[in-house]
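The structure is given below, and queries will be raised subsequently.
The values are calculated or read from the model by the stated rules, or taken from the named source; none is laboratory data. Since we're looking at a predicted model, the values are computed, not measured. Virtual Cβ from ideal backbone geometry, glycine too; neighbours counted across all protein chains shown. Just the protein is used for accessible areas: all its heavy atoms, side chains included, with ligands, DNA and RNA removed. Shrake-Rupley method; radii C 1.70, N 1.55, O 1.52, S 1.80 Å.
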Amino acid sequence: MLLRNTLSDYRLPLDSSDADALGVEAALAVQHFLQHRQGAAPTPMVSLPAVACRLDVGSIYVKDEGQRLGLGSFKALGGAYAVIQLVLGLASQRWGRPVDISEWRSPEVATVAAGITVTCATDGNHGRSVAQGAQLVGANCVIFVHARVSDERCRGIARYGARIERVQGNYDDSVASASKIASERGWIVVSDTSWPGYERIPHLVMQGYTALLREALAALPKPPTHVFVQAGVGGIAAATAAHFSLVFGKDRPFFTVVEPDRAACLLESAKAGQIVKVPHDRPTVMAMLECYEPSLVAWRILSRVADAFMTVDDAEAVTMMKQLAYPVNGDPAIVAGESGAVGLAGLAKVAGDPALRAEIGLKSNACVFLINTEGATDPALYEKLVGARPEDLTGRTG
């Protein structure tokens, strides 16, 4: 299914708070922060000419976040950034002066961090980033996971010193539990989703994502004409759409949000004209996108600057994982997790349907930008779905 944006606020200017959080100046601040992070080299931009030929588009470029900061997903840029910025802010209040990122490893900052506990709910990747940020700065960390988060992903979070609390139900249930217990115990919720009255920290998380967009724009040989980005609560999709709209203005690329058909909360909200919570029916293999209610900030942005919303099913997502793992005609292999190849799945679905191509103006000279949002963050599941261990695919070409 593909739905064009016909909402009343479509093409209205971004809210000033969203523009401030996700514009060029904010992105440059994130890049400055990353200069003080070990292993913060830019991730690859991968060209897929053989896939582009097969789909009858001019070019496809994939920003591969599978090795970002050792965490295996774009989420490494958000949660850790927000945690460290929050601690620096508290240190500034404590010491009565601005505390710069260059001081984040100082004993004074460590003293402040040791007195706080950060927490969040996660499907896996965001929680790992929050836990890593807490460990780096010396804060305490408790991460809430729901019933379907794999033991492998929980171990990946605990590796950074976080305590894991498992919650019955789905992602939304874990969000509610984290918020309730944090309120009772005075913990700081570092969430990648937002709700009324809770926007500043999600803005910081999304701001962290802009670093990959600055890298992408520097690496792209020309501006993209079309962008397909996957969405759960909508954070990375909204950050991308907002930043590109601010950079390109009226010449921005056509932006399509891609969701699992079993958790399409943004598409259903677009249908309804307001945020809706979709029912939890059947789980999806796209675990990092299995969210049933949009982030308030993400919805406010996407309702204005997303051009279309669409869904893909589990089989389409897994097919694209395999296509990236086993490339042809010289394309490089990309290790994409269950949610990583969803943007490509959306592109392939549109490219194979003449009516959909016409609907979004996807021509044979289109330049398409995608994000591989995660690598094999659950290696055992990746091998089961793809038929190969992720380490066996590194450096492979078709």
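Kirkwood hydrodynamic radius, computed over distinct alpha-carbon pairs, for segment 114-194: how many Å, to one decimal? Walk me through the numbers on the way to the answer.
On the way: mean 1/r = 0.0828 Å⁻¹.
This gives a value of 12.1 Å.
Find the lysine pairs in the chain meeting two conditions, Cα atoms under 18 Å apart and a separation of 8 or more places or different chains, and report how many there are.
Details: Lys63/Lys75; Lys63/Lys222; Lys63/Lys322; Lys222/Lys250; Lys222/Lys363; Lys322/Lys349; Lys322/Lys384; Lys349/Lys363.
Eligible lysine pairs with Cα atoms under 18 Å apart amount to 8.
Keeping all protein chains in position, work out how much accessible area Cys53 exposes to a 1.4 Å probe, and write it in Å² to the nearest 10.
Taking all protein chains as shown, Cys53 has close to 110 Å².
Which value in nm describes the separation of the simple spin-label points at Ala315 and Arg4, placed 7 Å from the Cα toward the beta carbon?
Using points 7 Å along Cα→Cβ, the separation is 2.9 nm.
Shifting gears a bit: With all distinct Cα pairs included, what does the Kirkwood hydrodynamic radius of segment 345-398 come out to in Å, to one decimal, could you say? Write out the running numbers ahead of the final one.
Numbers: mean 1/r = 0.0721 Å⁻¹.
About 13.9 Å, per the Kirkwood formula over Cα pairs.
Could you state how much accessible area Glu165 has, in square angstrom rounded to the nearest 10, with a 1.4 Å probe and all protein chains kept in place?
60 Å²
Once you have the Cα-Cα distance between Lys271 and Arg185, take 0.36 nm times their residue separation minus that, and quote the gain in nm to one decimal. Don't skip to the end; give the middle numbers.
Details: separation 86, 0.36 × 86 = 30.96 nm, distance 3.87 nm.
This chain segment gains 27.1 nm when fully extended.
Which distance in Å, rounded to a whole number, links the C-alpha centroids of segment 296-368 and segment 162-199?
31 Å
Here is a follow-up. Give me the percent relative contact order of the chain, please, defined on Cα pairs under 8 angstrom at least 6 residues apart. Before the final figure, lay out each step's value.
On the way: 847 pairs, mean separation 88.9, N = 398.
Taking the mean separation of contacting Cα pairs over the length of the chain, I get 22 percent.
Oh, and also: Ordering Ser102, Ser183, Ser73 from largest to smallest accessible area (1.4 angstrom probe), what's the sequence?
Details: Ser102 75, Ser183 95, Ser73 0 Å².
If we order Ser102, Ser183, Ser73 from most to least accessible, we get Ser183, Ser102, Ser73.
While we're on this one: Pairs of alpha-carbon atoms within less than 8 angstrom and 6+ residues apart define the contacts here; what relative contact order does segment 170-307 have, in percent? Write out the running numbers ahead of the final one.
Values: 193 pairs, mean separation 38.9, N = 138.
The value is 28 percent.
Mind running the shape call on segment 54-153? Use the C-alpha gyration tensor, a ≥ b ≥ c as the square roots of the eigenvalues: rounded below 1.5 for a/c, prolate if a/b tops b/c, oblate otherwise. Walk me through the intermediate numbers first.
Numbers: a/c = 3.35, a/b = 1.68, b/c = 2.00.
Oblate.
Now a separate question. Using label points projected 7 Å from each Cα along Cα→Cβ, tell me how many nm separate Asp56 and Ala114, to one decimal.
It is 6.6 nm.
Can you give the alpha-carbon Rg of segment 177-228 over 2.2 N^0.38 Å, where N counts its residues?
On the way: Rg = 16.5 Å, N = 52, 2.2 N^0.38 = 9.9 Å.
Against the compact-globule rule of thumb, the ratio is 1.68.
Related question: Let me make sure I get this right: for segment 257-389, a, b and c are the square roots of the gyration tensor eigenvalues over alpha carbons, sorted descending. Under 1.5 in a/c it's rounded, otherwise prolate if a/b > b/c, else oblate. Which is it? Don't skip to the end; give the middle numbers.
Values: a/c = 2.13, a/b = 1.25, b/c = 1.71.
Verdict is oblate for segment 257-389.
If you filter segment 266-309 for trypsin sites (Lys or Arg not before Pro), then keep DSSP loop positions with at most 16 other Cβ within 10 Å, what is left? Numbers along the way, then the final one.
Numbers: sites: Lys271, Lys277, Arg300, Arg304; in loops: Lys277.
Those that pass, being in a loop and sparsely packed, are Lys277.
So between Lys322 and Asp392, what do we pick up on full extension, going 0.36 nm a residue minus the alpha carbon distance? Spell out each step's value before the answer.
Details: separation 70, 0.36 × 70 = 25.20 nm, distance 1.35 nm.
Computed gain between Lys322 and Asp392 is 23.9 nm.
Classify segment 35-97 as rounded, prolate or oblate from the Cα gyration tensor: take a ≥ b ≥ c as the square roots of its eigenvalues, call it rounded if a/c is under 1.5, otherwise prolate when a/b beats b/c and oblate if not. Don't jump to the answer; show the numbers that get you there.
Working: a/c = 4.30, a/b = 3.53, b/c = 1.22.
In terms of gyration-tensor shape, prolate.
If I take the Cα coordinates of the chain and project them onto the principal axes, what are the three extents in Å, biggest first?
The Cα atoms of the chain stretch 60, 47, 41 Å along the principal axes, largest first.
Let me check I've understood the local charge: for Ala76, count other residues with C-beta under 11 angstrom from its C-beta, Lys and Arg +1, Asp and Glu -1. What total comes out?
Working: positive: Arg37, Arg68, Lys75, Arg128; negative: Glu65, Glu374.
Around Ala76, the surrounding residues sum to +2.
Now for a separate question. Taking only the Cα atoms of segment 168-293, how large is their convex hull per residue, in Å³? Present the calculation step by step, with values, prior to reporting the outcome.
Details: hull volume 16.6 nm³, N = 126.
Given the Cα convex hull of segment 168-293, per-residue volume reads 131 Å³.
Kindly work out what percent of the DSSP beta bridges joining two residues of the chain are antiparallel, to the nearest 5. Write down the numbers at each step before the final one.
Numbers: 9 of 41 bridges.
Percent antiparallel among DSSP bridges in the chain is about 20.
Probe of 1.4 angstrom, ligands and nucleic acids ignored: what's the accessible area per residue over the chain, in square angstrom?
Working: 15100 Å² over 398 residues.
About 38 Å² of surface per residue is accessible.
Please sort through the DSSP H helices of the chain and keep those with an alpha-carbon extent of at least 18 Å along the long axis and a Kyte-Doolittle average not below -0.5.
Values: long enough: 79-95 (24 Å, 0.85); 125-137 (19 Å, -0.31); 171-185 (21 Å, -0.62); 200-219 (30 Å, 0.49); 235-248 (19 Å, 1.57).
Once both thresholds are applied, what remains is 79-95, 125-137, 200-219, 235-248.
Give me the number: length gained by fully extending Ser17 to Ser106, i.e. 0.36 nm times residue separation minus the C-alpha to C-alpha distance, one decimal in nm.
Details: separation 89, 0.36 × 89 = 32.04 nm, distance 3.08 nm.
Separation in residues times 0.36 nm, less the Cα-Cα distance, equals 29.0 nm.
Please give the calculated 222 nm ellipticity per residue for the chain, where each DSSP H segment of at least 4 residues contributes -39500 (n - 2.57) and the sum is spread over every residue; nearest 500 deg cm²/dmol? Spell out each step's value before the answer.
Values: 16 runs with 174 residues, N = 398.
Rounded to the nearest 500, it is -13000 deg cm²/dmol.
Once you place label points 7 Å from the Cα toward the Cβ at Glu152 and His32, how far apart are they in nm?
If labels sit at Glu152 and His32, their model points lie 4.0 nm apart.
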